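Visitor: First the structure, then my questions, so here it is.
Throughout, read-outs are computed from the coordinates displayed, never taken from laboratory work. Bear in mind the structure is a predicted one, so any value in this text is a computation, not a measurement. All Cβ positions, even for glycine, are placed from backbone atoms using ideal geometry, and neighbour counts span all protein chains on display.
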Amino acid sequence: MESNQIIELFYFFEDSFIGQYIRDSTWLFPIIESFHLLGLAVLGGSVVLGDFRLMGFILKTEKISYVVRQTRTWFKFGFYLLVLTGVPLFLSEAVKCYYSRAFWIKMVCLVIGIAFTFLVRNPLVLKNQEGKLIPLLGFSSFFLWTVVAASGRWIGFS
């Protein structure tokens, strides 16, 4: 897709009924944003618990597989809540997002983070409980999700 087609698509998204409705409402954007931040807190909490356990910072008496399994459900809940609220937030300011470097960084790192979590981190950790690779997986995952959160926050300033 050429960039002209992409920007036209973003204008289409922003001009959609949902985008216009959220922009025209006084309270809808902040209410949706509140739930978006709640999703970030849940996902972020599960990432911190899981990745800090992998790095050996916390919960050292618990098995890594136990911590990963316990946080996986909360991770998914937080992620679903983020997507459910992120789409309407995006629709309300899609053109701004198109021109925001922070938005593109967030989207790329989000895709990488999801793939890394479900295709690399979790399978490797649930198979192998020890080794020098485990803390590196925790650090890599934590770094990716920190970039997602920080760039998402920066969207508001760009």
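Visitor: Explain nothing, just the number: dipole magnitude of the chain about its Cα centre with +1 on each Lys and Arg Cβ and -1 on each Asp and Glu Cβ, in debye rounded to the nearest 20.
Guide: 880
Visitor: Considering the alpha-carbon set of the chain alone, what are its Rg and its Dmax in angstrom?
Guide: Every Cα atom of the chain included, Rg and Dmax give 17.7, 55 Å.
Visitor: Oh, and also: Of the chymotrypsin sites (Phe, Trp or Tyr not before Pro) in segment 33-69, which ones lie in a loop per DSSP and count no more than 10 other C-beta atoms within 10 Å?
Guide: Taking segment 33-69 and a limit of 10 other Cβ atoms within 10 Å, no loop chymotrypsin sites (Phe, Trp or Tyr not before Pro) are found.
Visitor: To continue, here is another question. I need to check one value: relative contact order of segment 3-155, counting alpha carbon pairs closer than 8 Å and at least 6 residues apart, in percent.
Guide: Dividing the mean separation by the residue count of segment 3-155 yields 33 percent.
Visitor: Run the quick spin-label model on Ile6 and Tyr21: label points 7 Å from Cα toward the beta carbon, then report their separation in nm to one decimal.
Guide: 2.9
Visitor: State which helices in the chain qualify, where a helix is a whole DSSP H run, it must extend 24 Å or more along its own axis by its Cα atoms, and its mean Kyte-Doolittle hydropathy must be at least 1.0.
Guide: Qualifying helices: 28-54, 133-155.
Visitor: Which lysines have a Cα lying under 21 Å from the Cα of Lys63, excluding residues fewer than 8 positions away in the same chain?
Guide: Straight-line reach from Lys63, under 21 Å: Lys76, Lys127, Lys132.
Visitor: Pull up the cross-link candidates among the aspartates and glutamates for Lys60, meaning alpha carbon to alpha carbon under 15 Å and not fewer than 8 places away within one chain.
Guide: Qualifying aspartates and glutamates at Cα under 15 Å: Asp51, Glu130.
Visitor: Leaving out same-chain residues fewer than 8 places away, which lysines sit with a Cα under 24 Å from that of Lys96?
Guide: Within the straight-line limit of under 24 Å, Lys96 reaches these lysines: Lys106.
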